[in-house]
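In what follows, a structure is listed as C-alpha cells, so that the remarks can point back to it.
The values are calculated or read from the model by the stated rules, or taken from the named source; none is laboratory data. Everything numeric here is computed off the predicted structure, so don't read it as measured data. Don't worry about glycine lacking a Cβ; one is built from the backbone with ideal geometry, like all the others, and counts go over all protein chains shown. Just so you know, the surface numbers come from the protein's heavy atoms only, side chains and all, with ligands and any DNA or RNA stripped out. Shrake-Rupley method; radii C 1.70, N 1.55, O 1.52, S 1.80 Å.
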Amino acid sequence: MSDTFSYRNGILHAEDVSLEAIAKGVGTPTYVYSSAKLKQNYKEFSEPFKGLKTTIHYANKSNANQAVARTLIECGAGVDITSGGELERALDAGAAPDKIIFSGVGKTKDEIAAALKAGVRQLNVESIPELKQISAIASEIGKKAPVALRVNPNVAAHTHRKISTGEMGTKFGIDHAQLDEAMSLVKTLPNLEFRGFTVHIGSHLHNYDNFREAYGKFAEMVKHWQGKGYAFHGLDLGGGVGIPYDGQTQAPFSDYAAIVRDVFKDFSGELSFEPGRRLVGDAGILLTRVVYDKQGASKRFLIIDAGMNDLVRPAMYDARHSIIPVREPKSGDAKLADVVGPVCETSDLFGVDYSLPGVGQGDLVAILQAGAYSAAMSGNYNGRPLVPEVMVSGGQHAVVRKRVSVSEQMGWESLPPWMASAKTAKNA
Ligand code: LLP
C-alpha cells in the first residue's frame, strides 16, 4: 500500500477522501484513481533519465480514461496509441500530435490515414505488408509518413505467456530474417521517412535482466544498420516495466534506468518510452462491497459486487491483486476466504485464501493495483452495468466515467425490423 491509499481514523482514504464516502455517493463497484499518485509516478519515471534526450509516451491502452490521460499529458507525457479510437482519445485529452506514437499490428487504412492527417510523431511498423500500406496511403494523401520499425529481438520476457511479445512465433514485430527486406523497402518505397527502431518484449517484466538482454540485442542491430548508412533519429524502447502486485517485489525503477543509460551510452539520438502499468497501475483501486459471506462445506467465500467483467486480470492472466478492508482491521486474525465475484463462471475468482480481518457481509474492500488494464478492459458481461471511475485530487473527487446503466446499454442495440418489440407484441 502506498501513502496515497492509507488509513486515516480507521478508514481507508484515497488522498484526503474517504473511500466510505465515495462508496456512499457513487455506489460500488467503482474505480478510484489518485491524481497525486499519477503525477508522482510520472516524476519517478522521468527523473532518472534527466540529462538524456528522452520522451515518454503514456500507453493509453492501460487506462483509457480521459481524466487519467489528461493528468499525464499535463505532466509532459506524450501518448502511445494502438487504434484510431485511441488517436481520437489522445487528441481530445490534449496530446500534441507530434507527441503521439501509433503502435499495433493491425492498423487499418482509415486509421493510418487519420494518423497521418493528424500529424502523429511516428507509426511503429510491425510487418512488410503494413509498411507497403503506409507508403501507399501516404502517397495518396500527399504526406510523408514517419516510420519506425518494430523489431522482434527473439528474447523471452519471462512474464505471463499472454503478455509476452518478444519471441519469434508471436505476431509482434519484424523478425530478424525479414529485416533486410524491410530496411531496403524503407529506402525505396515512396513517402516514407525512416525514424528508427522500436522494441517491446512484453508487459509486467519484473526481472530487468530481460530488458538488458533485449536492449543489448537491439543496440547491436542499430549499430549494424548505422554501419550501413542508415540515420536513426531515435529509438523507442517500448513499455513493460512491472509493478509489485500482491506478495511481489520489484527492483527500484532507477535500476531499469541504469540499464538503459548503460546499453545506449553510444547512441546520440532520442530515446522514447511507452510505459502504461508503471504510470497508472498503483494509482487506482477497485472499491467493492461484500454481498455475501458464504461458508461452504470446505471453503469460505467472500462474494463481492465486482466481477471479472469489471476486472478481468485475475481470470485472464492469473494475476493476484492485493485486497484490503476499507475499515482498518483491529486484529490480524481472520478466517481465510476466496474472494469471488457474482459472474457465473468459476474463473470469476479474484484469488484464493485472502486474509481480510473484520470483513464480512456488507463490508467494503479495496482491490489494489487496479489502475492499469482494469477499467480499460471492463465489459458488460452478465448484463452488468459498466463500472464507473472516480478521480481524487487532494480533498476533491469527481466521477470521471459514470456508471453506464443497463437501459443505456440496451439503447445501443435494436431489434431487426421484422421483430416486434416485447412491449408491443401481442404475446407479451
Ligand atoms: N507498448 C506496446 C507496444 C505495448 O504493446 C504495450 C502493452 C505497452 C507499450 C505498455 O506496456 P506496459 O508498460 O503497460 O507494460 N492487459 C495486460 C497487459 C497487456 C499489455 C499490452 N501491451 C495485463 O493486464 O497485464
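Before moving on, here are some points about what is shown:
- Distance between the C-alpha centres of the range 185-201 and the range 1-63: 36 Å, rounded to the whole angstrom.
- Residues GLN248 and TRP412, FRET efficiency given R0 of 60 Å [Cβ-Cβ distance, rounded to 0.05]: 0.95
- Cβ-defined net charge surrounding GLY242, 9 Å radius [Lys, Arg +1; Asp, Glu -1]: +2
- Taking Cα centre as origin and charging only the Cβ of basic (Lys, Arg, +1) and acidic (Asp, Glu, -1) residues, the dipole magnitude of the chain rounds to 480 debye.
- Under the span-like rule (Cα at least 15 Å along the axis, Kyte-Doolittle mean at least -1.0), DSSP H helices of the chain: 128-141, 176-188, 253-263
- Anisotropy class of the chain from Cα gyration tensor, a/c 1.5 cut: prolate
- Each other residue within a Cβ distance under 13 Å of PHE267 adds +1 if Lys or Arg and -1 if Asp or Glu, for a net charge of -1.
- Longest site-free stretch - the chain; sites: chymotrypsin sites (Phe, Trp or Tyr not before Pro), DSSP loop, at most 12 other Cβ within 10 Å: 1-411
- Of the trypsin sites (Lys or Arg not before Pro) found in the range 345-428, those that fall in a DSSP loop while having at most 10 other beta-carbon atoms within 10 Å are LYS423, LYS426.
- Convex hull volume per residue, computed on the Cα atoms of the range 273-424, equals 182 Å³.
- Amide H to amide H distances under 5 Å link ASN124 with PHE102, SER103, ALA148, where only residues 5 or more positions off or on other chains count and H is placed in the peptide plane.
- Whole-percent carbon and sulfur share, accessible surface of the chain, 1.4 Å: 51 percent
- Farthest toward positive dipole pole in the chain [+1 Lys/Arg, -1 Asp/Glu at C-beta], among VAL260, ILE174, GLY216: ILE174
- Scanning residues 5 or more positions from ALA59 or on other chains, those with amide H under 5 Å from its amide H are ASP80, GLY276, with H placed 1.01 Å from N in the peptide plane.
- The chain - percent relative contact order, Cα under 8 Å, separation 6 or more: 19 percent
- For the cross-link pairs LYS43/LYS144; LYS37/LYS294; LYS24/LYS294; LYS61/LYS143, the ones whose C-alpha atoms lie over 29 Å apart are LYS43/LYS144; LYS37/LYS294.
- Net charge contributed by nearby residues that have their C-beta within less than 13 Å of GLU74 (K/R +1, D/E -1): +4
- Per-residue [θ]222 nm for the chain (sum of -39500 (n - 2.57) over DSSP H runs n ≥ 4, rounded to 500): -8500 deg cm²/dmol
- Pair ILE11, ILE141: separation of 7 Å Cα→Cβ label points (nm): 5.1 nm
- Cα point-scatterer Debye curve for the range 350-420, base-10 log of I(q)/I(0) at q = 0.13, 0.20, 0.29 Å⁻¹: -0.63, -1.12, -1.27
- Subtracting the Cα-Cα distance of LYS299 and ASP110 from their residue separation scaled by 0.36 nm leaves 62.8 nm.
- Probe 1.4 Å, accessible area per residue of the chain, Å²: 44 Å²
- Dipole check for the range 57-157: with +1 at the C-beta of Lys and Arg, -1 at the C-beta of Asp and Glu, and the Cα centre as origin, the magnitude is about 180 Debye.
- Average Cα contact separation per residue, the range 159-248, under 8 Å, 6 or more apart, as relative contact order %: 37 percent
- A Förster radius of 60 Å combined with the Cβ-Cβ distance from LYS228 to ALA422 puts the calculated FRET efficiency at roughly 0.30.
- Loop-located trypsin sites (Lys or Arg not before Pro) in the range 18-96 (DSSP state not H, G, I, E or B) with no more than 16 neighbouring Cβ atoms inside 10 Å: LYS50, LYS53.
- Here each label is just a point 7 Å from Cα along the line to Cβ, and for HIS160 and ASP180 those points are 4.0 nm apart.
- Heavy atoms of THR55: accessible area, 1.4 Å probe, square angstrom to 10: 30 Å²
- Net charge dipole size for the range 306-381 [Lys, Arg +1 and Asp, Glu -1 on Cβ; Debye, nearest 20]: 180 debye
- Trypsin sites (Lys or Arg not before Pro) within the range 231-337, DSSP loop, no more than 14 other Cβ atoms inside 10 Å: LYS265, LYS299, LYS330, LYS335
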